[in-house]
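What follows is a single structure, written as structure tokens, with notes after it.
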Amino acid sequence: MKTFPFAISIFLFFNASLIAQTSYTSGGTGDWENTTTWTPNGVPGVGDTAIINTGTITLTDNVTISGLYMSAGVITGDGSITITDSLYWSGGEITFSSITSDLKPTLTIAGTAKANFNGDINIYRNIINDGEVHWSNGNMVYSNEAVFENNGVFTVEANDYLRMSRYNINHGHFRNYGSYIKLGAAINSIGIYF
């Protein structure tokens, strides 16, 4: 697979500050707080990067991390995640434990953070962007009444068709309180409440 090394290279290039921090890679399925879920043994926290390429990680408490690289797998549970530096999301799902629960944990992209969405993304939990998001490829499918709240900069940058859609008629909102910038010749289809 040639795209994986390329994606890692891009991730490290844009996030050189992460090199001095600890990077934890998920070895499969387990609880976020369990040290054996990660290599090296430990738990990603403030200043660290979590890399998830497989399995299901259950998050029961709120966590703040510097970076998250996710190309496959699932993050579930009722804890919220705050990213302070960088997010690279090219596949997999970030969801929560109970679809019928009133508890709606969030994924927050802090004001200093930069996020890259590249691939088909399934959005099950609310996302708050206070930083910068660059969406360059794929589809964003909103489920479980998920809301993407943009308070920062959301840039759509592609020369291919991009689509925001909802799983069914009652799901998906994009609330723009910041800047929505479209670059490139791509057609953007927005099939959610905007």
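The values are calculated or read from the model by the stated rules, or taken from the named source; none is laboratory data. If you're wondering where the values come from, they're calculated on a predicted model, not measured in any experiment. Quick reminder, even Gly has a Cβ in these numbers, built from the backbone with ideal geometry, and neighbours come from all protein chains shown. In case anyone asks, the SASA skips ligands and DNA or RNA and just uses the protein heavy atoms, side chains included. Shrake-Rupley method; radii C 1.70, N 1.55, O 1.52, S 1.80 Å.
Could you calculate the FRET efficiency of Asn139 with Asn41 from 1/(1 + (r/R0)^6), where r is the beta carbon distance between them and R0 is 35 Å, rounded to 0.05? Rounded to the nearest 0.05, the efficiency is 0.45.
Database remark: amide H of Phe148 closer than 5 angstrom to the amide H of Ile127, His173, Phe174, Arg175 (H placed geometrically; neighbours at sequence offset of 5 or more, or on other chains; Pro and chain starts carry no H).
Electrostatic bookkeeping for Asn116 treats Lys and Arg as +1 and Asp and Glu as -1; over the other residues with beta carbon under 15 Å from its beta carbon, the sum is -3. Using a simple spin-label model with pseudo-atoms 7 Å out from Cα toward Cβ, Ile181 and Asn34 lie 4.3 nm apart. Convex hull of alpha carbon positions in the stretch 16-98: directionally averaged projected area 4.6 nm². Shown in residue order for the stretch 76-84 are the 3J(HN,Hα) couplings computed by the Karplus curve 6.51 cos²θ - 1.76 cosθ + 1.60 at θ = phi - 60°: 10, x, 9, x, 8, 10, 10, 9, 9 Hz (x for Gly and Pro).
Name the long-range amide H neighbours of Glu93: under 5 Å, sequence gap of 5 or more, or other chain; modelled H, no Pro or chain starts. Counting only residues 5 or more places away or on other chains, the set is Gly73, Val74, Ile75.
Each of Thr112 and Thr155 was given a label point 7 Å from its Cα along the Cα-to-Cβ line. The distance between the two points is 2.0 nm.
In the complete set of protein chains, residue-level accessible area for Lys114 is approximately 110 Å², probe 1.4 angstrom.
Overall, the accessible surface of the stretch 27-160 at a probe of 1.4 angstrom is composed of carbon and sulfur to the extent of 45 percent.
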